[in-house]
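Asker: If you scroll down you'll find the structure; I have some questions about it.
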Amino acid sequence: MAKVLIIEDDPLMSRMYQKIFSFEGYEVDTADNGEDGLAKVRSGRPNLILLDIMMPKMNGFEVLTKLKTDPETKSLPVVILTNLAGQKDAENAMTKGAVKYIVKSEFEPKQVVNMVKEILAGYTRDEIPKVEEQQG
């Protein structure tokens, strides 16, 4: 199953999403600030990143910019998961390369998981599956 990295500074939110994604069969890693999140992207190689905007050390927009300007991480799907409901923030995130902008208060965690499943299905559908050679 896919690996999801949750970059979120609120411990309750982080734990809640970690539990629900784990329950759904995902491998989950977490980071509580932007700097740690970038380090975990490099070491853990997630399939998708859930990224909060308002965080210490480095905010989500800065993390997103770094991810999208790095050739090794620019193709990683990044979903913004935030309480910032402003249209300008959403447009900014999408312009910087996020694949989706989700306002936490507008969706149940299960709905967020379903959106992530759809995004990952779209990304894996584009990849050609490797055919295992038959051992004779």
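What follows is calculated from the coordinates using simple rules that are stated; it is not laboratory data. On a predicted model such as this, the values are computed, not experimentally measured, just so you know. We place every Cβ from the backbone using ideal geometry, glycine too, and count neighbours over all the protein chains shown.
Asker: So for the pair Tyr123, Glu27, with labels modelled 7 Å out along Cα→Cβ, what separation do we get in nm?
Answerer: Between Tyr123 and Glu27, the label points sit 1.4 nm apart.
Asker: Can I ask one more? Obtain the nm distance between the two label points defined at Lys19 and Gln111 by a simple spin-label model: each point lies 7 Å from its Cα along the Cα-to-C-beta direction.
Answerer: The two pseudo-label positions are separated by 2.0 nm.
Asker: Something else about it: For the chain, please report how many Lys pairs fall under 12 Å Cα to Cα, leaving out neighbours fewer than 8 apart on the same chain.
Answerer: Lysine pairs, 8 or more places apart or on different chains, close enough: 7.
Asker: OK, next. Of the listed peptides 40-47, 84-91, what is their order by residue-averaged count of other C-beta atoms within 10 Å, with the highest listed first?
Answerer: Listed from highest to lowest mean packing, they are 40-47, 84-91.
Asker: Between Ser43 and Leu12, what is the spin-label point distance in nm, taking each point 7 Å from the Cα along the Cα→C-beta axis?
Answerer: That separation, rounded to one decimal, is 2.9 nm.
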